[in-house]
Amino acid sequence: MIAKQRPAYAEWLQSTNNISQQFLAFGGRADVVSLAGGLPAAELYPVAAIQAATERALTRHGTAALEYGAIEGFPALRQLIAARVSAETGGTFTAANVLVTTGSMQALDLIGKVLLDAGDLIVAQSPTYLGALDSWRPRGPRYHKLDWEGEDAGFTTALAQAKFGYSVPNYSNPTGVLVSQDRRAALLDKVIAAGTWLVEDDPYQSIQLDGPPGPSILSQYAARHAGPYDGPVIYLGTLSKSLVPGLRVGWVIAAPGMIQTLALAKQASDLSSSMFTHAVALELLEQNFDQEHGRSIVPHYRERRDALCDEASRRLADWFDWEVPVGGMFVWMRNRDRTIDTDELYRFAVEEKVAFVPSSVFDFTGEDRFAMRVNFTRSSPEVIREGMRRLERAIGNYCSARPQLSGLRP
Ligand code: PMP
């Protein structure tokens with residue numbers, strides 16, 4: 001009997017890529033220097049503290065930590081997050097403003113589910129976090145570039161038509177850029193005038209390598225508006241970078257109506273997050289352990305950033321330009337004269353056993369192929385330096401494989 005053809009996969013899959021899967025796989029290969037993923041340093045994970053918190057959580061909550069739980073999250077954790085956000089921003093936030101999610105990645109997914117219909121417009125910074133592009137791809141959204149400079153005449157109209165704006169103002173992914181307070185305020189003004197939502201995605205806040213980044217856009221809103229929070233900013237936090245990604249604990253801070261709507265979508269997504277990890281997170285957050293730990297890892301990350309930028313200056317400066325990031329996890333290297341296509345370079349890099357992320361995956365259109373994101377948090381300074389040596393060799397190989405570029409070799 002001839003087997004019948006099975007149904008095709010959904011159409012949106014033709015426009016996606018599995019690059020995140022590839023990076024995570026590289027992370028597990030000892031022979032590859034992976035500067036690709038946005039991963040913290042595993043050797044700094046506080047295993048003993050999490051073990052002790054787990055003991056305490058199970059003793060304190062027993063079976064309640066092992067149940068399906070409230071879709072919005074473990075109630076005590078929501079309350080604690082609300083109290084923290086109130087203290088940090090000076091605003092009035094309650095548990096009704098908090099949804100605990102499976103990492104902030106789930107929050108991005110849920111936002112797409114509740115706000116986007118097919119072909120809707122998003123105003124997003126460009127380049128954009130690839131996980132965000134991934135999570136909204138099934139809706140086939142259109143994008144307009146977020147204009148920080150105030151130079152785009154069509155920006156106000158685009159914002160008024162957009163379902164939401166999206167930004168990572170603290171040490172952005174992929175560029176590492178820290179957005180100034182003035183630009184944050186100007187964006188908030190425009191969002192309010194446009195009557196749309198603004199997603200402020202803030203996973204890197206704790207990785208302050210050269211001093212504090214200043215108030216979030218959420219804080220700016222709270223400073224202007226007294227009373228219970230009901231504003232347009234949908235703020236995303238996570239324990240993934242300050243503590244560990246494996247707990248998969250993130251949160252959304254938003255107007256109560258938005259939280260209820262996201263909770264409705266979450267019901268169909270996972271029924272309930274893990275109350276177990278919420279209870280463990282509660283133990284850690286009650287002691288401000290995440291903040292203490294977050295501060296303790298910063299000197300290590302600073303050393304790694306400096307090692308990367310120092311070695312890159314010696315080896316890559318003929319081809320790439322970059323700014324030293326003041327926080328976060330990434331250096332964004334742009335090819336100086338657009339002669340190096342980083343999608344192509346990537347193949348040569350993998351042959352030399354070093355990985356980075358090419359810029360095309362952060363671009364709405366996939367057309368920017370002239371930059372690369374390089375991570376400095378995952379590997380030791382020595383490994384990072386070795387990564388730069390391999391990258392230098394890969395660029396050399398790439399240039400000689402393309403005769404018209406051979407003149408570029410130093
Ligand atoms: N947003 C941004 C900008 C990120 O860089 C990441 C992690 N790479 C996430 C969201 C998702 O983080 P998590 O789901 O681990 O909280």
Checklist entry - Relative to the Cα centre, what is the charge dipole magnitude of the range 47-290, using +1 at the beta carbon of each Lys and Arg, -1 at the beta carbon of each Asp and Glu, and rounding to the nearest 20 debye? => result 300
Checklist outcome for this item: One would report the Cα pair-distance distribution of the range 47-290, bin width 5 Å, in %, as 1, 6, 14, 19, 20, 17, 12, 6, 3, 1, 0, 0
Checklist outcome for this item: Across the range 47-290, qualifying lysine pairs (alpha carbons under 16 Å, at least 8 places apart or different chains) come out at 5
Item to check | Cα-based helix-to-principal-axis angle, 275-286 vs the chain, degrees rounded to 10 | outcome: 90
Checklist entry - Roughly what angle does helix 289-315 make with the longest principal axis of the chain, taking Cα atoms, 0 to 90 degrees, to the nearest 10? => result 10
Checklist outcome for this item: Computed, not fitted: 222 nm per-residue ellipticity of the chain from DSSP H runs ≥ 4 (each -39500 (n - 2.57)), nearest 500, equal to -13500 deg cm²/dmol
Item to check | Normalised contact order of the range 243-355, rounded percent, pairs of Cα under 8 Å and 6 or more residues apart | outcome: 16
Checklist entry - Nearest 10 degrees, 0 to 90: what angle lies between the long axis of helix 181-194 and the longest principal axis of the chain (Cα atoms)? => result 60
Checklist entry - Build a GNM of the chain with springs between Cα atoms under 10 Å: which of D337, D310, D120 gets the top mean-square fluctuation? => result D337
Checklist entry - What is the distance in Å between the Cα centres of the range 199-226 and the range 289-347? => result 23
Checklist entry - When K241, K145, K4 are ordered from fewest to most other Cβ atoms inside 10 Å of their Cβ, what list results? => result K4, K145, K241
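How much of the pair distance distribution for the range 1-125 lies past 26 Å, counting alpha-carbon pairs only, in percent?
Of all Cα-Cα distances in the range 1-125, 54 percent exceed 26 Å.
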Checklist entry - In debye to the nearest 20, how big a dipole does the chain give about its Cα centre with +1 on each Lys and Arg Cβ and -1 on each Asp and Glu Cβ? => result 620
Item to check | Within a Gaussian network of the chain (alpha carbon springs, distance under 10 Å), most fluctuating of Y229, Y68, Y346 | outcome: Y68
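With contacts defined as alpha carbon pairs under 8 Å and 6 or more residues apart, what's the relative contact order of the chain in percent?
23
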Item to check | Simple Cβ-charge dipole of the range 203-322, Lys/Arg +1 and Asp/Glu -1, about Cα centre, in debye nearest 20 | outcome: 180
Item to check | Extension gain (nm, one decimal) between T16 and E344, 0.36 nm per residue minus Cα-Cα | outcome: 116.3 nm
Next on the checklist: On the Cα set of the chain, report Rg and Dmax in Å, please.
Outcome noted: 21.9, 71
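Every number in this text was worked out from the coordinates using simple rules, so none of it is lab data. A quick note: this is a predicted structure, and the numbers were derived from the prediction, not measured. Reconstructed Cβ throughout: ideal geometry from the backbone, glycine too, with neighbour counts over all protein chains shown.
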